[in-house]
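Notes to accompany the following structure.
The values are calculated or read from the model by the stated rules, or taken from the named source; none is laboratory data. Predicted model only: the values in this text are computed from it and were never measured. So basically every Cβ, Gly included, is an ideal-geometry build from the backbone, and we count neighbours across all protein chains shown.
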Amino acid sequence: MSKSSRYDVIVIGSGSAGFSAAEAARRVGASVCVIERGKLGGECPNWACVPSKAFLRAAKALREARNASVFGVRTGAVSLDFGGANAYRATVVESITGGGERGLRYERLAHRMKIDVAYGSALFSDPHAVEVGDARILGNAFVIATGTEEFVPPVPGLADIAYVTSRTAHEMDRAPKSLVIIGAGPVGCEYATFFSAAGTRVVLVQGASAVLNREDPEISALARTALVAHGVEVVTDADVTEVIDGRGGVYGVKTSKGTHAAETVMVAAGKRAAVSGLDLGNAGVTLDGRGNVKTDRRGRTAVKHVFAAGDVDGGFLFTHTAHHEGSVAGHNAALVALGKRSGWRETDERVVPRVTFTDPEVASVGLTVEQAKAAFKLKRLLVGRFPVGALGRAATDHAVDGLVMIVAHPKTRKILGCHIVGERAGEMIHEAALAMHLNAAVDRLGSMIHAYPTYSEAVMAAANGVALE
């Protein structure tokens, strides 16, 4: 690349949102440059959702082996080898990214689609130019897709210790004997599930009153029960007040409910937009009160030729929504860059399923009971429940119990939300999500014939069991 170059669209970041934006812009006919300071593909395949799911599959394999005698299978003593699980994680990551220093799969994709890639940190020098090292790159339009970075709470002593995060957990050479995880959201709960299987004594500390506190209270309560059954000590309503670097390689994590000693501390307290160092002010882009890049449904910021997509905009923090938002923002940025006045696209995130891959899984779509009551100003709703353990398939699989809960409007009978704890919850949730996407009444979901014996029967049964409450 020359010292100065120009493109129709410049995409900053190559994660799910960034690559989706670049592909969409190319399909419109724009010339595109993607700027990446790390590995192509971003957080999800390299450090976040893919590696954690590989770890969790190892944990599930261990629990299946330990329970194999129920089915007449004799396995003897089994254990989880952290090094082996870590090697499996690396193999999975390589299969998705293509391996290599930067991610060969994404490099090949960029080459095939004639997308240029510049490596380094991008800094806006003015509204139409960024600097990457000693190169100046001019653009007619931009898409900011830099994702998020770990939020480390300002707890006294925390910054002074060698804590780990979901991004660095794989760098350990062995599973710690004891671990305190700060934060019981999806990341904290998933790693508590994995490390407890690896033989680590895990304490999960949460400032809120429940784990997975964005879920319906019934669902989060069942998730907590499952964690405790795996040997995790769950401490809620406990703010971390100090971390002490003790002697003998043991840290003391002080909370409002007591002190917990651990060999390792993991921070899973949430994410924040990764915008530091971009010099967004030089582009005229401002942040909202939470430090996110605010956009409209077209992905556009207050600066007409600058767009943003993915986690950086402060909306849903999911790979699937980042891909959707990136596609919209990239398409629209290309329209601006090429001077086109029609063909705009908008994001549609009315129905977004989410899954936490604990054991059993937790999956939701739409509104909880209380959210639905508040949104529609209702005192009573249609709610249906069915225990997963009552299924024939759960019996054949010797599966742990769970719950499917469906929330519907009392007048229109349209489905407002569905919440599941149980085996294969992440697959089952899409049946309810499709019904919501099609604006189907809950009765349509309940009247559809479901194969026996399957886990999806619980969705049908919950739909048939809705009643006012």
Study note, to complete from the structure: Those residues of segment 147-170 which are in contact with a Lys or Arg (Cβ under 7 Å, 6 or more places away or on another chain) and in a loop (DSSP other than H, G, I, E, B) amount to Phe151
Exercise for review: Determine whether Leu280 is within 12 Å of Cys189 (Cα to Cα) and surrounded by 16 or more Cβ atoms within 10 Å (Cβ to Cβ).
Suggested key: no
Check your understanding: Can you tell me how many residues in segment 391-400 are in contact (Cβ under 8 Å) with a residue 60 or more places away in the chain and surrounded by fewer than 24 Cβ atoms within 10 Å (Cβ to Cβ)?
Key -> 5
Revision key, fill the gap. For strands (runs of 3 or more DSSP E) lying entirely in segment 184-273, having 1 or more residues that are surrounded by fewer than 20 Cβ atoms within 10 Å (Cβ to Cβ) picks out 201-205, 233-235, 240-245, 251-255, 258-262, 271-273
**Study point:** Scope segment 81-119; condition of a type in the set (A, V, I, L, M) and out of contact with any helix residue (DSSP H, G or I) (no Cβ under 9 Å at 6 or more places or on another chain); matching residues
**Key:** Ala87, Ala118
Check your understanding: Restricting attention to segment 67-94, which residues are hydroxyl-bearing (Ser, Thr, Tyr) and surrounded by 13 or more Cβ atoms within 10 Å (Cβ to Cβ)?
Key -> Tyr88
Revision key, fill the gap. Screening Leu222, Leu317 for residues that are in contact with a strand residue (DSSP E or B) (Cβ under 9 Å, 6 or more places away or on another chain), assigned by TED's automatic domain parsing to the domain that holds Phe142 and closer than 27 Å to Val203 by Cβ leaves only Leu317
Exercise for review: Name the one entry in Ala229, Ala197, Ala169, Ala221 that is farther than 30 Å from Tyr88 by Cα and aliphatic (A, V, I, L, M).
Suggested key: Ala221
Check your understanding: Does Gly29 satisfy the condition of being surrounded by fewer than 16 Cβ atoms within 10 Å (Cβ to Cβ) and within 30 Å of Arg345 (Cβ to Cβ)?
Key -> yes
Revision key, fill the gap. Within segment 116-168, residues surrounded by 15 or more Cβ atoms within 10 Å (Cβ to Cβ), charged (D, E, K, R) and farther than 21 Å from Glu43 by Cα come out as Glu131, Arg136
**Study point:** Candidates Ala175, Ala162 - the one that is modelled with pLDDT under 95 and out of contact with any strand residue (DSSP E or B) (no Cβ under 8 Å at 6 or more places or on another chain)
**Key:** Ala162
Exercise for review: Confirm whether Arg27 is closer than 30 Å to Ile10 by Cα and assigned to a helix (DSSP H, G or I).
Suggested key: yes
Exercise for review: Give the residues of segment 291-314 that are out of contact with any strand residue (DSSP E or B) (no Cβ under 8 Å at 6 or more places or on another chain), part of a loop (DSSP other than H, G, I, E, B) and not hydrophobic (A, V, I, L, M, F, W, C), sorted by residue number.
Suggested key: Asp296, Arg297, Lys304
Practice item. Provide a single number: the residues in segment 221-240 that are without any contact (Cβ under 8 Å) to a residue 60 or more places away in the chain and either within 17 Å of Arg354 (Cα to Cα) or of a type in the set (Val, Ile, Thr) (or both). Key: 6
Exercise for review: Within segment 30-49, track down each residue that is closer than 15 Å to Val92 by Cα and either among the basic types (Lys, Arg) or assigned to a helix (DSSP H, G or I) (or both).
Suggested key: Glu43, Cys44, Pro45, Asn46, Cys49
Check your understanding: Do you know which of the residues in segment 365-382 that are more than 27 Å from the chain's Cα centre (by Cα) and among the aliphatic types (A, V, I, L, M) is nearest to Thr454 (Cα to Cα)?
Key -> Leu382
Review point. Looking at this structure, is Glu94 more than 23 Å from Val267 (Cα to Cα) and assigned to a loop (DSSP other than H, G, I, E, B)?
Key: no
Check your understanding: How many residues does segment 296-313 hold that are over 13 Å from Gly330 (Cα atoms) and either within 20 Å of the chain's Cα centre (by Cα) or outside the structural domain of Val9 (by TED's automatic domain parsing) (or both)?
Key -> 3
Practice item. Test Val78 against the criterion of being touching a residue at least 24 places away in the same chain (Cβ under 8 Å), among the β-branched types (Val, Ile, Thr) and touching a helix residue (DSSP H, G or I) at 6+ places or on another chain (Cβ under 6 Å), and give yes or no. Key: no
Practice item. Only one of these is hydroxyl-bearing (Ser, Thr, Tyr), in a helix (DSSP H, G or I) and over 28 Å from Arg167 (Cα atoms): Ser69, Ser52. Name it. Key: Ser69
**Study point:** Selection from segment 136-178 of residues that are farther than 22 Å from Asp126 by Cα and aromatic (Phe, Trp, Tyr)
**Key:** Phe151, Tyr163
Review point. Out of all the residues in segment 409-422, which are more than 18 Å from the chain's Cα centre (by Cα) and either assigned to a strand (DSSP E or B) or not assigned by TED's automatic domain parsing to the domain that holds Val459 (or both)?
Key: Lys414, Ile415, Leu416, Gly417, Cys418, Gly422
Revision key, fill the gap. Across (1) in the same structural domain as Gly249 (by TED's automatic domain parsing); (2) not in a loop (DSSP other than H, G, I, E, B), Asn140 clears everything bar (1)
